[in-house]
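A.B. asks: One structure, as structure tokens, below. Some questions next.
The values are calculated or read from the model by the stated rules, or taken from the named source; none is laboratory data. All values derive from a computational prediction rather than experimental measurement. Using ideal geometry, Cβ is built from the backbone for each residue, glycine included, and neighbour counts are taken over all protein chains shown. These area figures cover heavy atoms from the full protein model, side chains too; ligands, DNA and RNA do not enter into them. Shrake-Rupley method; radii C 1.70, N 1.55, O 1.52, S 1.80 Å.
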Amino acid sequence: MAAVLRFYADIGVDAVVGETALDHFNAPAPITPVRENVTPLLRPQSLPTLQQGAPANDLADITTLADLRAALEAFDGCALKATATRLVFADGNPAAKVMLVGEAPGGDEDRQGLPFVGRAGQLLDLMLAAIGLDRTKVYITNVIAWRPPGNRTPTPAEIQSCLPFVTRHIELINPDVMVCLGNVSVQTLLKTREGITRARGQWFDYPLPGRNLPALAMLHPAFLLRSPAFKRQAWADLQALRAVLVKP
Ligand code: URA
């Protein structure tokens, strides 16, 4: 049984959608009762609208991290919320100069409710330590606050639904420097179509109200776990980050 569950988890089947299994290939065709001349009790326009939580442009009214978190908790506009165990909001020091933005929580993050606590997170901690940083000196969040099932890449629709929240998150933290980790974060926040292996090491201007925030594109630690040959480039990017941080 454990081996079967592990197999399911490995292929991305990790969310329970019902108590009993249903064989859709053998299921009888649903019987639709034919009822003529029946006036619908509810016309479509009188159906209650789905609670979508705070729409994007209302977020300007949110001025604290606690309120932003509460708005995300109340938001039902991203389908990933239904399969995730919990919201993964952020970790680290909200007053830090450096803000790191990853892609989306994985399994360990989904269980613990904190970003970058699994294997990729442990590598990230080592990378930060190499330039004298730790979680008391950085602030960490993700573009997406809920784990995609099986750790798949979030869809463009999922990314767009969460974008107003991460945008407001960056504005509230108002860091000196931002680091975007991996393709999703780089392409979403830095508005580039370049792939991460080309974009990495480049500095971008991220527009904040009233100023441009320097933002560095970096390889994602999960990518470095799969492709350790790229650690040399990651090291160069860390040095570039350190150089900016020690500049008087
Ligand atoms: N990968 C991410 O992008 N974010 C996490 O929090 C964990 C893994």
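A.B. asks: Step by step: first the residues of segment 79-103, then only those that are within 9 Å of the ligand (Cβ to nearest atom) and under 12 Å from the mean Cα position of the chain (by Cα), then the one that is most open to solvent (accessible area, probe 1.4 Å). Which residue is that?
C.D. replies: The extreme case among them is Glu103.
A.B. asks: Among the numbered criteria (1) in contact (Cβ under 8 Å) with a residue 40 or more places away in the chain; (2) farther than 23 Å from Arg86 by Cα; (3) not in a helix (DSSP H, G or I), which one does Asn183 miss?
C.D. replies: Of everything listed in (1) in contact (Cβ under 8 Å) with a residue 40 or more places away in the chain; (2) farther than 23 Å from Arg86 by Cα; (3) not in a helix (DSSP H, G or I), Asn183 misses just condition (3).
A.B. asks: Looking only at segment 234-242, decide whether some residue is within 16 Å of the ligand (Cβ to nearest atom), part of a helix (DSSP H, G or I) and touching a Ser or Thr at 6+ places or on another chain (Cβ under 9 Å).
C.D. replies: No, segment 234-242 has no match at all.
A.B. asks: If you don't mind, another one. Could you tell me whether any residue of segment 197-205 is part of a helix (DSSP H, G or I), more than 24 Å from Gln122 (Cα to Cα) and open to solvent by 80 Å² or more (accessible area, probe 1.4 Å)?
C.D. replies: yes
A.B. asks: Given the criterion open to solvent by 10 Å² or more (accessible area, probe 1.4 Å), within 16 Å of the ligand (Cβ to nearest atom), under 22 Å from Ala243 (Cβ atoms) and in a loop (DSSP other than H, G, I, E, B), identify the matching residue among Arg135, Arg147.
C.D. replies: Matching residue, one of Arg135, Arg147: Arg135.
A.B. asks: So, one more: Gly106 passes all but one of (1) near the ligand (Cβ under 8 Å from one of its atoms); (2) free of Cβ contacts under 8 Å to residues at least 40 places away in the same chain; which number fails?
C.D. replies: (2)
A.B. asks: Moving on. Sort out which residues of segment 222-246 are open to solvent by 60 Å² or more (accessible area, probe 1.4 Å) and among the β-branched types (Val, Ile, Thr), and write them in order of number.
C.D. replies: The one that is open to solvent by 60 Å² or more (accessible area, probe 1.4 Å) and among the β-branched types (Val, Ile, Thr): Val246.
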